[in-house]
Structure formats: C-alpha cells, structure tokens
Amino acid sequence: MANPYVPHPAVIKEIKTETRDTKTFRLEFLDENVKKAYQFKPGQFNMVGVFGVGEAPFSITSNPDEKEYFEHTIRAVGNVTNTIHKLKEGDILWVRGPYGRPWPIEEAKGKNILIVAGGLGLAPLRPVIYYIANHRDEFGHVEVLYGARTPLDMLYRSEMDEWRKIKDFTLRLTVDMVPEGVEWEHRVGVVTVLFEEMDSRPENTVVMVCGPEIMMHFVVKGLVERGFAKNQIYLSMERRMHCGIGKCGHCQIGSKFVCRDGPVFTFEEVEPLPDKIV
Amino acid sequence: METLILRKEQLPQFIEHLRREYRVVGPVKKGNLVVFAEISKAEDLQLDYVTTMIPPKKVLLPQRETILKFKFENETPKVEQPAVDGKIVLFGVHPCDINAIKVLDKVLIEGEFKDPYYAQRRENTVIIGLNCTKAGEYCFCTSFGTGPGAKDGFDILLTDLGDRFLVEVGTDAGKKIVEGFKELSKAEDADIAKRDEILKKVAESIKRRIKTENLETLLLEKINDKIWQELADECLACGVCTTVCPTCFCYGVIDRVSADFKEGERIRYWDSCMFLEFAAVALGGNFRPGRDARLKHRMYHKLVYIKQQHGVFGCVGCGRCVEFCVKHIDPVDAVTRLSGD
Ligand SMILES: Cc1cc2nc3c(=O)[nH]c(=O)nc-3n(C[C@H](O)[C@H](O)[C@H](O)COP(=O)(O)OP(=O)(O)OC[C@H]3O[C@@H](n4cnc5c(N)ncnc54)[C@H](O)[C@@H]3O)c2cc1C
Ligand code: SF4
Ligand code: SF4
Ligand code: FES
C-alpha cells in the first residue's frame, strides 16, 4: 500500500533571499523516478519538512513547465520555517505532494485574468504568471495588483522587469508605507487603492486573490462593489495543516477541508462558511 | 444472512477458536470502568457492559502511534515505515461503535488518499458485534438508526438471548470463522423473534432523541443562536468529549528525537478541535479562538458537516460525550432547545 505520509528527499540547489524574513528555495528531488513523476498545477502546495522538527504546507511557487526543479518561498515564522531558513545549498528537505485544488487555469483560458496579491500571497500566484508567459496566446488581458507592507517586503522584485515584458500584461504595485531612505515610484496605500486605476472589468474575467485573510476581505468587498460576481473570484485560503491529505481534520472550515477541497475556492463557496475573516 | 446459535457454555471454546488465528480484543473490567483490551480467555470478557469510556476505535486508530521512523545515519536520514500488528478480532462491539467505525472508514479510507495504518489495521480486523440488551442513561442511538441493533458493518453479530447467543454472519470473513467452529447449531424462527423482541424493548427504553429531519437546516439557521455562548460558558474546553467520541478522527503530528540525536519518530496523537491551538496559524492567528466557536464546530461537525462531507451523520448517539463531560454538555439538549420543543 502506498504510504502518503512518506516524504521524498529533495536537495536545495539554490537559496535566494527575498526579504528580511523570506527566502526562496530551489529544490530538486534526489530520486529520478520521483522527479519524473512529479508534476504540479499552479496553486497547489507541498508538505515540506525536516525530520526531528516537523512538516508544514508551502505553496509551490515555480514555473509549472519546469521539470528539473521546483521552488518554495518561505517566511520564517516558527519551528519548521526557522529551521528551513538555517539550511544551506546542498542540504536536504523532505517533500510530499503536490496537494490541493489549483487555480482555475483551464476555466481562465480565453478570458482575461486579474490577480490581486498581498505580501507573501504572491507566492502561489507566481506559477500562474509563469504559465501565462509560457502560454500567452491562451489568455486575454492580464493585470496583476500587488501590495506589500513596504518596498522591502515585496517578493520577486528582480523578476518584475521580465514580467512587464509579457505581452498585454499590466503590473501595478503599492505599499502600505515607505521607510525613510527607500526609493519608491509606485503607489502608497493598501492594495485596494489600485482598484482606482485598474483596467480589469467583470466581463469575461477570472480573478485570483491571495494574501492575508483580512486583505482578501477588503479585496473581495471592493470587487463585488465593482460588479464582479462571487463565482468569478477565486481565493486561496490558509489554515493549520498536519496531513495535507484530508485526514487530520486541522484545516477544516465548516464542512470544507482546505487541503483537499481547496486551498483555492470561489468566494461563493467561502462566503457561507463560519470561522473566517474574508 | 446465516443465523446460528452459540450456547453460552460454548463461549470459552469459541474464544479459543478465534485465538488460534487472531488476537482477541474485547470489553474487560478495569477498576470501575470497562475497557477494550486483549483477552486470553472468555472469562475475561465483561459482555454485559453498556458503554466503554474510550471507544474501540483506539485499536484501529491508536491514541498515539509512530507513523514514520528516521535514523540520522549520514547526510540523508533513513526513513522507515512501522509495520502494523497482525490479525485482530474486536469482540463484543456495540452497534453504535460498529457504526462509528463505518464513519471512520469513510474519512480515513475513502477518497484520493488512504490512511495506510488505519486501512491496514481495518483489513486485519474482524468485528464481532454485540447487540444491546440494555441502554445506558445517555444513549440516543435510535435517533440515527445506529442501535440498539446493528444492521451492517460487522463480520459476525451476537445477540444475548439469555442462555445462548444468536449468531448472525455478515461477511465472508465471518462465515469462515463460524464454519471453522462446527459446534454451532441452526437458529430457529423463535430465536430471531426473541432478538427482535429484545431490541424493541431496548429501543423503547431510549427516551433521549434528536430529531434528524431537517436537522441540517435547523442548525445552520441557528448558528448564531445565544445557546452556543451559554454552553461555551459552561465548557472547560478540556477535550474529553472528542477523546471519548467514537467518530472523532482528528490527529496532530509531532517529531520526537532520541537524546543522542541518532534517531527519531514522527508520531501522531489524537487531537481535539476543542483545544485552543487546534486552528492556530503562524504569527498569532487563530480561526477559532473562542470556546463558543470551538464547541459549535464540534457539534456541527458531528451533526451537519460530516453529513455534508461523507453523507452520514458523524454522531452515532453513544452518549459518551455527555456522560464523561464534567458539565454534561449535551447535543440532545442543545438541539431540543433550538427546535423549541
Ligand atoms: C496551503 C498553504 C500554503 C502556504 N504557503 C506558504 C508559502 O508559500 N510560504 C510560507 O512562508 N508559508 C506558507 N504557508 C504558511 C505556512 O504553512 C506556515 O507559516 C507554517 O506552517 C509555519 O510553520 P512553523 O513550524 O514554522 O510554525 P509553528 O512553529 O508551527 O508556529 C506557527 C504558529 O502556529 C501557532 N502554533 C503552532 N503550534 C502551536 C501549539 N502547539 N500551540 C499553540 N500555537 C501553536 C503559533 O501561533 C505559532 O506562531 C502556507 C499555508 C497553507 C495552508
Ligand atoms: S458526539 Fe457524543 S454521542 Fe455522538 S458519537 Fe460522539 S461521543 Fe457519541
Ligand atoms: S473536528 Fe472536532 S468533533 Fe470533528 S472529528 Fe475532529 S476533533 Fe472530532
Ligand atoms: S491538513 Fe489534515 S485534513 Fe487538511
């Protein structure tokens, strides 16, 4: 019987510092067969762990068409994440996955895409941007609204020039505040200030939102006010997870298992659920 | 289904017969309680028990178990999967607990992923059920059709008819066991009538009831009712209700390393949605910080959400969560008050 709790060793090929508390880890499975069989969809996550410390869920943040490696952008907040941050290139992480319901890429084909991300919430959406760049003709206009606390808390800033070169692709940035001495040429204010200047309209558009739940709350509210339907807005939810495969019960919101029924849900699905902020 | 008779004086031999191939786990007396434990002879069994405190699910989903072992030998630790124990007969399981195992099967075996440890134990386990001949103070199984008689979910089912047991065979595994024990005689129609009469009497003695018609609609309408805060004010959030519940499956996972840091284990343990940390996330977030939210999640999971998730009620009416709660917080009472009856 295949044991879904057994993780596979993956070697850290490269570590990139994104912000003061966040790093991106490029990983490659040691076992060739595991590497060959592994394929994820944008929005899915892996359980990543260190033996002796534990496991936690992390969005897969790399290019889904890349077969050699995959990446996680990880913020140091607790036991597992701080331990991972201490690792070096060549060290091993233990990975199982991919798990969960992905972003609605198939449904978005032939349509416009609006992405709204806050802080670390850009991590699960980066594979969508890669996918769009790789398959540009399959989608209409693409607009990304991204907000972070300060310019220094923005992920993937060095890649944004590449993104701007994607055909018919608009990237709009904002930060809550700009510390003294930091250069910033974009907006200041919470991510919803970008609604004022966005081109996206409800017609023929799929919206993908990820960020802190309180941010998603205001984003969804603003979108609904602008005529977006609840079933065209997709959110990625975060809950505590101990298994990732629908068994441990930790990630439940009402009757939904976030690990199995999500993490991506429409707002229509999320709205009636209890114990949430969004 | 085949029906046979096992005379009571044959029970020791029957247990011997089972023990040739299986470890037998059944209800035994321990202090003031009856607990499920391995037995070596029929005399160990306490078959007139009403409800154990800890349900027999502990045999299939142990309270604490190692799910992976690791050894730090070189750069890359070596990972091992522990083997599960051999063949077991769960003897004398009451219908509520049989039905609870059916719920656990749905959660832990069905779907894209199987829990490998539960699934293997389940495959290795024969269930010999025991219909109830008396009800406990807190029982309300009749609300869910999960007792006092079992309809399915067993390999063999016994009913105590006084001087003998009626033996019903539910599966091929059960058939093999009774076929290997030649001493059984055929049951008469009168034996079956006697079973029905006993079960009817027990059912009639159970007065506690949750109305299941429109229960989902009622509860979803009343999700903000003040009753939840009232119950939460009583609740100690100690988690005894989920520990004793035969359908609670939630677990947490923790790694333990030996003192010399040479090896370790990934362990899972029964967790409880009643605990504050259960839904805690990084940076101080918690999606069920209030006791009312946690108590409500438990009751709604049992009465509404498991139904939405798996098509069956998550409560089998065993009454344990009421009996062992210091404050006797009671889903029957809660639903009765909400429905205004
Ligand atoms: C689908 C999904 C995708 C995610 N993607 C990413 C991602 O791409 N990048 C990223 O950085 N993060 C991501 N996360 C969040 C990440 O999983 C958490 O930050 C991670 O689990 C923290 O683990 P840790 O061991 O470092 O923290 P822990 O040590 O577990 O502590 C985290 C917090 O949990 C609480 N806590 C934990 N255990 C207890 C306890 N026993 N008692 C009380 N409180 C407790 C505390 O509030 C603590 O601050 C994602 C989460 C989900 C669900
Ligand atoms: S909720 Fe209470 S009565 Fe229902 S199955 Fe669980 S312990 Fe028994
Ligand atoms: S969520 Fe709570 S009530 Fe439901 S199975 Fe888990 S511990 Fe039991
Ligand atoms: S993480 Fe265990 S059930 Fe979802």
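The values are calculated or read from the model by the stated rules, or taken from the named source; none is laboratory data. Bear in mind the structure is a predicted one, so any value in this text is a computation, not a measurement. Glycine also receives a Cβ, built like all others from the backbone with ideal geometry; neighbour counts cover every protein chain displayed. Only protein heavy atoms, including side chains, enter the accessible area calculation; ligands, DNA and RNA are left aside. Shrake-Rupley method; radii C 1.70, N 1.55, O 1.52, S 1.80 Å.
Being surrounded by fewer than 19 Cβ atoms within 10 Å (Cβ to Cβ) and more than 11 Å from ligand 1 (Cβ to nearest atom) holds for only one residue in B:ARG266, B:ARG294, B:ARG256, and it is B:ARG256.
In the set A:GLY189, A:GLY121, A:GLY181, only one residue is on the phi > 0 side of the Ramachandran plot and either among the β-branched types (Val, Ile, Thr) or open to solvent by less than 20 Å² (accessible area, probe 1.4 Å) (or both); that residue is A:GLY189. Applying the set (1) among the aliphatic types (A, V, I, L, M); (2) within 17 Å of A:LEU114 (Cβ to Cβ); (3) touching a residue at least 40 places away in the same chain (Cβ under 8 Å) to A:ILE129 leaves exactly one unmet item: (3).
Close contacts from the range A:91-109, counting a first residue that is more than 16 Å from ligand 3 (Cβ to nearest atom) and a second that is outside any strand (DSSP E or B) and open to solvent by 20 Å² or more (accessible area, probe 1.4 Å), with Cβ to Cβ under 6 Å and a gap of 6+ residues or different chains, come to A:ILE92/B:THR76; A:PRO98/A:GLN44; A:GLY100/A:GLN44; A:PRO102/A:LYS41; A:PRO102/A:GLN44; A:LYS109/A:GLU138.
Taking the stated definitions as given, is A:PHE40 in contact with a Gly (Cβ under 9 Å, 6 or more places away or on another chain) and within 14 Å of another protein chain (Cβ to nearest Cβ)? So A:PHE40 fails the test.
Residues in the range A:246-255 that are on the phi < 0 side of the Ramachandran plot and surrounded by 22 or more Cβ atoms within 10 Å (Cβ to Cβ): A:LYS247, A:CYS248, A:HIS250, A:CYS251, A:GLN252, A:ILE253. Listed by first and then second residue, the pairs with beta-carbon distance under 6 Å, at least 6 apart or on different chains, first residue in the range A:219-243 and under 30 Å from B:ASP271 (Cβ atoms) and within 14 Å of another protein chain (Cβ to nearest Cβ), second away from ligand 2 (no atom under 16 Å from the Cβ) and assigned to a loop (DSSP other than H, G, I, E, B), are A:MET237/A:GLY262; A:ARG239/A:CYS251; A:ARG240/A:HIS250; A:ARG240/B:VAL281; A:MET241/A:HIS250; A:MET241/A:CYS251; A:HIS242/A:CYS248; A:HIS242/A:HIS250.
For the range A:256-273, the set of residues classified as within 8 Å of chain B (Cβ to nearest Cβ) and open to solvent by 20 Å² or more (accessible area, probe 1.4 Å) consists of A:ARG260 only. Cβ-Cβ distances below 6 Å connect the following pairs, each with a first residue in the range B:284-307 that is within 19 Å of B:ARG320 (Cα to Cα) and of a type outside the set (S, T, N, Q), a second residue that is in a helix (DSSP H, G or I) and within 11 Å of ligand 2 (Cβ to nearest atom), and a separation of six or more residues or different chains: B:MET299/B:PRO331. A residue that is under 25 Å from the mean Cα position of the chain (by Cα) and open to solvent by 50 Å² or more (accessible area, probe 1.4 Å) occurs somewhere in the range B:315-325.
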